[in-house]
2 protein chains.
Amino acid sequence: MGTAMGQRHGKVVVEIDTPPSGQAAGSAELPRSVAEPAGRADAFLNEYVRSCELPPNLIEAILYSLLGPGKRARPLLAWHSFAAVALPGRDPADCLPAAGACELIHAFSLVHDDLPGLDNDDLRRGRPTLHKKTSEAMAVLAGDCMLTLAFQLLTERVRDAGLAASLCRELALGTNGMIAGQVYDTLGGFTGDLSDSQKLQLIHRNKTGMLIRASCRMGAMCGGADRSALEAITRYAEDMGLMFQIVDDLLDVTQTTSHLGKKAGKDLDAGKLTYPGVLGVHESRDVVRRLHEDSVGTLRPFGARAEPLRQLAEYMAHRTR
Amino acid sequence: MGTAMGQRHGKVVVEIDTPPSGQAAGSAELPRSVAEPAGRADAFLNEYVRSCELPPNLIEAILYSLLGPGKRARPLLAWHSFAAVALPGRDPADCLPAAGACELIHAFSLVHDDLPGLDNDDLRRGRPTLHKKTSEAMAVLAGDCMLTLAFQLLTERVRDAGLAASLCRELALGTNGMIAGQVYDTLGGFTGDLSDSQKLQLIHRNKTGMLIRASCRMGAMCGGADRSALEAITRYAEDMGLMFQIVDDLLDVTQTTSHLGKKAGKDLDAGKLTYPGVLGVHESRDVVRRLHEDSVGTLRPFGARAEPLRQLAEYMAHRTR
């Protein structure tokens with residue numbers, strides 16, 4: 001456990017084989033101080049899940065999916081959004097339930113998306129997907145359980161009941177946004193006469209964007225953000241979410257399966273709408289650059305406390321897997 | 001919509017072909033006043049789901065599963081548990097979010113249980129299961145969405161944030177109990193050396209029992225139940241939950257597919273542990289009778305206000321589908 005982004009020696013080095021033009025390759029490194037809370041979120045989730053009264057085979061399946069290799073982007077965004085808004089002296093561990101709940105939702109969504117009836121993937125982050133490792137029935141049920149545990153965690157580990165209810169609402173909106181985006185992406189359901197570019201926006205702002213938005217907002221809410229701080233964090237999160245997904249699309253067409261740890265080129269194979277498909281690779285990279293600039297600009301009012309969020313934006317813009 | 005238990009002319013008549021010995025056939029009728037809140041829960045859920053910002057094909061899939069024919073046992077238990085404990089003058093509509101959330105969880109669980117990787121059922125309540133009607137992908141995603149909407153509904157429609165957080169916790173425990181029971185039932189995971197009878201208890205108290213328990217407790221919590229009232233309602237609910245499942249098992253071996261509206265005899269085909277399988281049909285019916293008596297005894301302190309809960313117990317003990 002706790003190998004998120006493989007931090008070991010103070011810096012997390014991420015290979016860059018084709019850096020976007022005008023960007024230094026070195027910018028895809030994440031300082032240890034930024035990546036470290038991922039290990040704390042992992043440890044927190046490990047303890048929490050094991051404390052639940054559930055069959056041992058179910059707990060094992062959940063931990064396999066939850067604590068495997070991964071970026072832990074959502075817990076890190078929650079943690080550092082907390083840090084950007086919280087008054088000095090506040091314990092950042094106060095946002096661990098929110099950070100953990102967002103990772104539970106992310107992990108559940110990967111397990112269900114990998115199922116034979118959906119993306120039918122055998123490989124996830126270089127390991128067998130959960131239904132390959134166990135069974136389809138276990139993958140469905142473990143996903144359902146992780147989704148439910150996210151809400152259970154918030155109600156059991158957030159002391160202030162009013163805050164817990166607000167966090168549950170935020171998480172539900174983020175989760176259903178993600179599900180809506182997945183429906184648009186794979187099953188259609190668009191209303192009105194939308195261009196490919198408009199459809200893309202609708203897919204991506206929901207599918208990846210809404211849970212990243214919830215992660216940042218939930219972290220900020222735990223930190224006691226006032227209205228204007230929460231609005232700034234929300235704008236940052238929306239830019240980050242879109243950027244994250246466009247970079248994902250770019251990696252799918254520019255990287256190899258062995259480098260990504262999951263099947264490359266599958267969006268193209270599936271005939272899916274993607275940014276590089278609609279705008280081209282060059283223009284997509286320009287959009288990433290603009291979103292990166294905007295997201296960093298939004299953080300100005302927070303000064304030095306938002307430095308980790310800036311570094312996360314830098315990393316997200318330049319990651320290669 | 002709103003055809004739960006087919007109430008139309010003041011009484012809901014349910015066929016009894018093989019009444020348990022010593023019970024009058026007439027006791028499987030549910031007075032209109034007891035069944036009526038099912039229609040209100042349906043109308044509430046219809047309005048709520050349509051108000052959510054979701055793709056129209058997803059909303060359609062959800063409403064197909066949520067408002068199809070069904071007993072609406074959980075909303076009725078929530079509603080009448082509220083009525084048993086609430087002070088006079090309290091509006092029972094206050095428990096509609098809790099009643100609706102429990103039905104959302106029940107409906108999601110049926111959709112996922114019917115999937116090819118789990119029970120692989122083509123028929124549910126006389127209609128095609130959701131994955132047959134739409135696609136496996138839609139059934140997985142619509143189930144996930146209903147599960148999430150249950151929590152979203154509680155946080156959006158329960159005014160008191162402290163109560164909303166308590167209801168979310170109760171619902172999460174009920175849902176994960178149900179999932180744990182399904183894992184025990186279909187995938188094992190028992191620890192220690194349990195007899196078949198002990199395994200059965202563990203399966204049933206979780207699989208059906210925990211969500212019925214949550215339904216009653218959530219209704220009572222909305223009604224402002226004090227500690228002792230909540231404990232009495234909990235005991236009633238636990239008896240009801242077990243009784244409900246034993247009757248389900250009995251129906252599976254004693255009824256036909258066309259009568260049940262779902263495949264009969266499938267527990268036997270699947271080699272599952274069931275009460276009639278372990279105890280025999282006669283002894284299982286004795287357990288139902290004892291649970292029925294106990295559940296009704298627990299309601300004594302509530303007097304006349306618990307009459308609908310008594311009638312529900314009567315109906316549950318004698319239902320034939």
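The values are calculated or read from the model by the stated rules, or taken from the named source; none is laboratory data. Just so you know, these numbers come straight off a predicted model, no measurement behind them. Cβ coordinates were reconstructed from backbone atoms using ideal geometry, including for glycine residues, and neighbour counts include every protein chain displayed. The protein model used for the area step is the full one, side chains on, heavy atoms only, and it has no ligands, DNA or RNA in it. Shrake-Rupley method; radii C 1.70, N 1.55, O 1.52, S 1.80 Å.
Okay, here's what the table says:
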quantity	calculated
Local electrostatic count, B:Phe44, Cβ distance below 10 Å [Lys/Arg +1, Asp/Glu -1]	-1
Estimated 222 nm signal from helices in chain A, with DSSP H stretches of n ≥ 4 weighted -39500 (n - 2.57), rounded to 500	-21000 deg cm²/dmol
Vicinal HN-Hα couplings computed from phi for region B:41-47 (Karplus, 6.51 cos²θ - 1.76 cosθ + 1.60; Hz; Gly/Pro x)	5, 4, 5, 4, 5, 4, 5
Nearest-first distances (nm) between copies at A:Arg300, label 7 Å from Cα via Cβ	7.4
Cut-off under 5 Å, modelled amide H: who pairs with B:Leu194 long-range	none
Per-residue HN-Hα couplings for region A:121-134 [Karplus 6.51, -1.76, 1.60; θ = phi - 60°; Hz; x = Gly/Pro]	9, 8, 10, 9, 6, x, 10, x, 5, 4, 5, 6, 5, 10
Label spacing, shortest first and in nm, from A:Gly162 to its equivalents in the remaining copies (7 angstrom along Cα→Cβ)	1.1
Length released on extending from A:Gln201 to A:Ser33, taking residue separation times 0.36 nm less the Cα-Cα span	57.2 nm
Where labels lie 7 Å past Cα in the beta-carbon direction, separation of A:Asp91 and A:Ala43 in nm	1.3 nm
Too-long pairs where the Cα-Cα distance tops 28 Å, listed order kept, from B:Lys71/B:Lys272; A:Lys207/B:Lys272; A:Lys132/B:Lys272; B:Lys71/B:Lys132	A:Lys207/B:Lys272
Globularity index of the protein assembly as shown, i.e. its alpha-carbon radius of gyration over 2.2 N^0.38 Å	0.99
Region B:5-318: relative contact order in percent, alpha carbon pairs under 8 Å with at least 6 residues between	21 percent
For A:Leu202, net neighbour charge (Lys/Arg +1, Asp/Glu -1) across residues whose Cβ lies under 12 Å away	0
Size of charge dipole - the protein assembly as shown - debye, nearest 20, with Cβ of Lys, Arg +1 and Asp, Glu -1, no other charges	660 debye
Interface area, B with A, accessible, probe 1.4 Å, both sides summed, Å² nearest 100	3600 Å²
Summed residue charge, Cβ within 13 Å of B:Glu170's Cβ, Lys/Arg positive, Asp/Glu negative	+3
Calculated label separations, A:Gln201, copies of the chain, 7 Å along the beta-carbon direction, nm	6.1
From phi via Karplus (6.51, -1.76, 1.60), per-residue ³J(HN,Hα) for region A:292-297 in Hz, x at Gly/Pro	4, 4, 4, 4, 5, x
Gyration tensor over alpha-carbon atoms, region B:5-318, equivalent ellipsoid semi-axes in Å	27, 25, 20
Approximate spin-label separation B:Arg50-A:Thr254, in nm, with each point projected 7 Å along Cα-to-Cβ	4.7 nm
Burial of 50 Å² or greater, region A:156-173 residues [accessible area, probe 1.4 Å, versus chain by itself]	A:Ala165, A:Arg169
Fully extended contour minus Cα-Cα distance, from A:Lys133 to A:Arg235, at 0.36 nm per residue	32.8 nm
Peptides A:138-150, B:48-60, A:303-315, B:191-203 ordered by average Cβ neighbours within 10 Å, highest first	A:138-150, A:303-315, B:48-60, B:191-203
